[in-house]
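Please read the structure below before turning to the comments.
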Amino acid sequence: QVQLVESGGGLVQPGGSLRLSCAASVSVFSIRVMGWYRQAPGKQRELVAFITSSSSTNYSDSVKGRFAISRDNAKNTVYLQMNSLKLEDTAVYYCNTNPALSSWGQGTQVTVSS
């Protein structure tokens, strides 16, 4: 069972930036497609970005051009650089495989507020 630990969230003003990190416990991390998901209050969890083992990336329309996903296979870590943050980016952010096959971690709260 993969264990996932997210970090890096916080409170930021609109237009600001944050970098999220997700540490995975498995040594086969490099062969998995990893994704960042988010869940806003009262809404379903959604996939916002994913990255393949060859580092090809894909983004939801809501974050395209503002977020960048990357991975460091040697560190079993995936990152999400979030720029030009908007109020609607406020959510708990999670990482998981894509599709989501592992247990969810605790997530990291991102709050965009003026």
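A few points about this structure:
- Boolean, Val28 is open to solvent by 60 Å² or more (accessible area, probe 1.4 Å) and either modelled with pLDDT under 95 or among the basic types (Lys, Arg) (or both): yes
- Condition check for Ser113 on (1) at positive phi; (2) touching a residue at least 60 places away in the same chain (Cβ under 8 Å); (3) open to solvent by 20 Å² or more (accessible area, probe 1.4 Å): one failure, at (1).
- Scan of region 65-81 for residues that are more than 9 Å from the chain's Cα centre (by Cα) and either modelled with pLDDT under 95 or at negative phi (or both), ordered by number: Arg66, Phe67, Ala68, Ser70, Arg71, Asp72, Asn73, Ala74, Lys75, Asn76, Thr77
- Pairs with Cβ under 8 Å, 6+ apart, first in region 34-61 and farther than 21 Å from Gly9 by Cβ, second open to solvent by less than 50 Å² (accessible area, probe 1.4 Å) and in a loop (DSSP other than H, G, I, E, B): Thr52/Val33; Ser53/Val33
- Selection status of Gln13, touching a Lys or Arg at 6+ places or on another chain (Cβ under 6 Å) and not β-branched (Val, Ile, Thr): no
- Conditions (1) of a type in the set (A, V, I, L, M, F, W, C); (2) open to solvent by 60 Å² or more (accessible area, probe 1.4 Å); (3) assigned to a strand (DSSP E or B): number failed by Ile69: (2)
- The set of residues from region 48-57 being within 20 Å of Glu6 (Cα to Cα) and at pLDDT 95 or above comprises Val48, Ala49, Phe50, Ile51, Thr57.
- Unique residue being among the basic types (Lys, Arg) and surrounded by 13 or more Cβ atoms within 10 Å (Cβ to Cβ) when the list is Lys75, Lys43, Lys64, Lys86: Lys86
- Contact annotation: residue pairs with Cβ atoms under 8 Å, 6 or more positions apart or on different chains, pairing a residue in region 73-101 that is part of a helix (DSSP H, G or I) with a partner that is hydrophobic (A, V, I, L, M, F, W, C) and open to solvent by less than 30 Å² (accessible area, probe 1.4 Å), are Asn73/Phe29; Leu87/Val112; Glu88/Ala40; Glu88/Val112; Asp89/Val63; Asp89/Met82; Asp89/Val110; Asp89/Val112.
The values are calculated or read from the model by the stated rules, or taken from the named source; none is laboratory data. Since the model is a prediction, treat every value here as computed from it, not as a measurement. Please note: Cβ atoms are built from the backbone with ideal geometry, for glycine as well, and neighbour counts cover all protein chains shown. We work out accessible area using only protein heavy atoms, side chains counted, and drop any ligands, DNA or RNA first. Shrake-Rupley method; radii C 1.70, N 1.55, O 1.52, S 1.80 Å.
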